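Nothing in this text is a laboratory measurement; each read-out follows from the coordinates by a stated rule. As the structure is a prediction and not an experimental result, all values here were calculated from the model. All Cβ positions, glycine included, derive from the backbone under ideal geometry; neighbour counts span all protein chains shown.
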Amino acid sequence: MILEALEKRLGAVHARQRLGIEQDKEPRVFGGGLTFFHPENWVSGRTLIRLILQGSGFYWHGRRNTLKHQLVKNEVVLPRLPKALDGFRLLHLSDLHVDMYPPALDALVAKVKKLDYDLCVMTGDYRARTFGPIDAALQGMLYLMEHIKTPAYGVLGNHDSIRMTPQLEQAGLRFLLNESVKISHQGASLRLLGIDDAHYYRVDNIQKTAEQIQSDETSILLSHTPEIYRQAAHAHFDLLLCGHTHGGQICLPGGIPITLDAKLPRYMGSGAWRYGRLQGYTSRGAGASIVPVRINCPPEITLHTLRCGE
């Protein structure tokens, strides 16, 4: 039933690729995707990393840090933005991994429900693991959605199953899978677009997505990973919002990431950046992956304020 519904919405090739790769017996640790090594698929790696952190004395400190979400306010000046949208606020959540550590989800909800914003966008990785049951992730996301203004919009990440989409869309989280929607506000509008996961599944379609932009529209692209920054820049998107990197999650003092698990310049690993005329923002993520630990890299809730001007 899910395949039939997805084929009607996305086309047979996209739907079969997404479900087919998900149903492979074992997610690949080596090979596939944009990078060769995929630590999120390495089951025994979780135990190894946890033991190393426990042995070094950092584990429980890092675990407490997952509860300390930092609200980051980011202003984005977009030359083509209509004046009526000046001050429009986007709540950006990424890499939630809601079933990884329930106290971290409770801490996130406590902060999010107090915020004032016009639209919420989510850039993927709602589930902790990359395979297996989706029930715990669904329950965590449904709990979060009770405290999010709807409709909200999101894309899928490399941890996510497309089987999660029907229930989450019923709860008000509309997924953009190489799709777009026109956002209207006070008589003006912009184009919000989203691509399916480009990092592991590689079912993103920049061309199909970009063709949905009208010539005079401000365009905001949601992608799980910033690794498609070149394609997005040359397709003339105005703003790219993404996540995936966790900012490193376990960093050296000063927030210097040990690894970003992504093929991109390190300056794009977290925060605001620019590539040509494309502006981008990479969230450090609100959750934690592989192990529920953050060191020198606090979890992030981002509030983007759009401004018109040069």
(message) Need one number: nm distance between label points at Ala188 and Lys68, each 7 Å from Cα along Cα→Cβ, rounded to one decimal.
(response) 3.8
(request) Among the listed pairs Lys73/Lys114; Lys114/Lys182; Lys111/Lys149, give every one whose C-alpha distance is greater than 24 Å. (result) Lys114/Lys182
(request) Could you rank the peptides 69-76, 166-173 by their average count of other C-beta atoms within 10 Å per residue, with the highest value first? (result) 166-173, 69-76
(message) Along the charge dipole of the range 2-308, pointing to its positive end and built from +1/-1 on Cβ of Lys, Arg, Asp and Glu, which listed residue (Gly187, Gly154, Ala84) has its Cα farthest out?
(response) Ala84
(request) For Arg266 paired with Glu211, estimate the spin-label separation in nm (one decimal), with each label point 7 Å from Cα along the Cα-to-Cβ line. (result) 4.0
(request) Would you work out if the range 180-310 is rounded, prolate or oblate? Take a ≥ b ≥ c from the square roots of the eigenvalues of the alpha-carbon gyration tensor; rounded if a/c is under 1.5, else prolate when a/b is larger than b/c, oblate otherwise. (result) prolate
(request) For each of Cys297, Cys251, count neighbouring Cβ atoms within 10 Å of the residue's Cβ, then give the residues from fewest to most. (result) Cys251, Cys297
(request) If a/c stays under 1.5 just call it rounded; otherwise compare a/b with b/c (prolate if a/b is bigger, oblate if not). Do that for the range 132-252, with a ≥ b ≥ c from the square roots of the Cα gyration tensor eigenvalues. (result) oblate
(request) Consider the candidate values [x] 6, 27, 33, 22, 9, 2, 0; [y] 6, 29, 37, 22, 5, 0; [z] 5, 17, 24, 24, 17, 9, 3, 1, 0, 0; state which one is P(r) over Cα pairs in 10 Å bins from 0, in percent computed from the structure displayed. (result) [y]
(request) For a label point 7 Å from the Cα of His61 along Cα→C-beta, name the residues of the range 67-101 whose backbone N is under 16 Å from it. (result) 67-68
(message) Taking every DSSP beta bridge with both residues inside the chain, roughly what % is antiparallel (nearest 5)?
(response) 40
(message) Using the crude model of +1 on Lys and Arg Cβ and -1 on Asp and Glu Cβ, and no other charge, please compute the dipole size for the chain relative to its Cα centre, in debye to 20.
(response) 580
(message) Using Cβ contacts closer than 10 Å as the measure, can you line up Cys120, Cys242 from fewest to most?
(response) Cys120, Cys242
(request) Note down the nm distance, to one decimal, between modelled labels 7 Å out along Cα→Cβ at Ala5 and at Leu19. (result) 1.1
(request) Rounded to the nearest 500, what is the 222 nm mean residue ellipticity of the chain from helices alone, with -39500 (n - 2.57) per DSSP H run of 4+ residues and division by all residues? (result) -7000 deg cm²/dmol
(message) Can you give the FRET efficiency to the nearest 0.05 for Lys114 and Ala136, using r as the Cβ-Cβ distance and R₀ = 22 Å?
(response) 0.30
(request) Determine the distance separating the Cα centre of the range 155-232 from the Cα centre of the range 71-87; give it in Å without decimals. (result) 19
(message) List the residues, sorted by chain then number, that are 5 or more residues from Val72 or on another chain and whose placed amide H is less than 5 Å from its amide H.
(response) Ile301, Thr302, Leu303
